[in-house]
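Student: The following block contains the structure, expressed as C-alpha cells.
What follows is calculated from the coordinates using simple rules that are stated; it is not laboratory data. Just so it is clear, the structure is predicted and the values come from calculations on it, not from any experiment. So basically every Cβ, Gly included, is an ideal-geometry build from the backbone, and we count neighbours across all protein chains shown.
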Amino acid sequence: MSSSSSSTVWKRDHFIKNPFLRWTVIILVTAYVLYALNDMNLNWARMKSGLPRAVDFFHRMFPPDFSRWTMIQRGVLESLQMAIISTTISIILAVPLSLGAARNISVRWVYLLSRAFVVVARSFPPILVAIIFVKAFGFGPFPGILTLAFTALGFMGKLLGEAIENIDPGQVEAIRATGANWFKVQLYGVAPQVLPRYVGLSIYLLDINLRASTIIGIVGAGGIGGALFNAFHRYEYDTALAILIVIIAIVLVMEFISSKVRGRLQ
C-alpha cells in the first residue's frame, strides 16, 4: 500500500527542468545578491546606532495631534479632487488610446504610435513626472492633476488595450457582416466584451490615483502630501502621524467601496 500510494503522489515540475541549468541559475543569482550587498557598502554599525533614534522618532509621534484638523481636511479634500479629476480625464482618453493600442482592430501606424505613448507614460514614476510638471506650471494641484492623468493614462491604455486584443473575434465579425461602420463595430462588437474590465480598471485607477496624490504632494504638486512633508520638516511628528492615520483611513474606505463595486460587476 505504501509503495503504491507513494507512486501516485503528485510533484510540481521545476520551472527549469534541467538540474544543471537550475543549480547554475541559483548559484549565479545567490552570488550576485552577495556581490550587490557588498558593493552597496552597508554600514551595519550605523544601522545599529540608528535604532535608538528610530525608537525616539516613533515615540515622538504618539499621541497623534489632530489640532490642525482644518489644514488636514483641506489637504485631504484637495487630494480627493485631484484623484477624481485625473481619473475622469484618464478613463475618457483611455478609450481612443486603447483602441489604437489594440493590434487586432487598429492599423499599424496608429498601433505603433499608441503603444509608443503607453510605453513612455509607463516609463517614468509619478514623482519624476510631478517634478517636471511642477517646474513647468508651478506649485499647486494643477501639475498634480496632469501628473496623475498622464501616468494613469499609460496604465489604463495598456491594460484595456490588452483586453481588447483578447476579445472574441466572432462577435466583431458578426456586427461587421451586417454592414455596420467602424464606429458601430466598436460600439456593439468590442465595447460589450470589455465594458466590465473597463469599469473595474476605472475603479482601481481611482484608488491608485488617490494613493499617488499623497506622494506627489511632497514635490509641491498639491494634496495632503505637501502637508505631510511640511509636518516632518518642522519635526511635528505627532501631526504627521495624524495625517498618516487619515490617509490610511481614506485608502481603507476606498478599498471597501471598490471591492463592493467589483463584486457587483462580477
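Student: Once the Cα gyration tensor of the chain is found, what semi-axes does its equivalent ellipsoid get, as square roots of 5 times the eigenvalues, in whole Å, sorted largest first?
Tutor: Working from the Cα gyration tensor, I get semi-axes of 40, 34, 20 Å.
Student: Among the lysines, which have Cα under 30 Å from the Cα of residue 135 when same-chain residues fewer than 8 positions away are ignored?
Tutor: 158
Student: Compute the projected area of the convex hull of the Cα atoms of segment 158-218, averaged over all viewing directions, and report it in nm² to one decimal place. Don't skip to the answer; put the middle values down first.
Tutor: Working: hull surface 19.5 nm².
Over every viewing direction, the Cα hull of segment 158-218 projects on average to 4.9 nm².
Student: Just from its helices, what would the mean residue ellipticity at 222 nm be for the chain, if runs of 4 or more DSSP H residues each count -39500 (n - 2.57) and the sum is divided by every residue, rounded to the nearest 500 deg cm²/dmol?
Tutor: Per the formula, -26500 deg cm²/dmol.
Student: Continuing with the same structure: As a footprinting exposure proxy, order 147, 87 by other Cβ within 10 Å, with the fewest listed first. Mind dumping the intermediate values first?
Tutor: Numbers: 147 30, 87 24.
Sorted ascending by nearby Cβ count, the order is 87, 147.
Student: For segment 17-137, state what percent of all Cα-Cα pairs lands in each successive 5 Å bin, counting from 0 Å until the bin that includes the largest distance.
Tutor: Spelled out per bin, shortest first, that is 2, 7, 7, 9, 9, 9, 11, 12, 14, 10, 6, 3, 0.
Student: Between residue 127 and residue 20, what is the spin-label point distance in nm, taking each point 7 Å from the Cα along the Cα→C-beta axis?
Tutor: According to this spin-label approximation, the distance is 4.6 nm.
Student: Please work out the FRET efficiency for the pair residue 142 and residue 47, using the Cβ-Cβ distance as r and a Förster radius of 51 Å; give the result to the nearest 0.05. Could you put the intermediate results ahead of the total?
Tutor: Details: r = 41 Å, r/R0 = 0.80.
It comes to 0.80.
Student: Per residue Cα convex hull volume for segment 10-88, in cubic angstrom? Display every interim value, and only then the final one.
Tutor: Values: hull volume 24.8 nm³, N = 79.
Output value, Cα hull per residue: 314 Å³.
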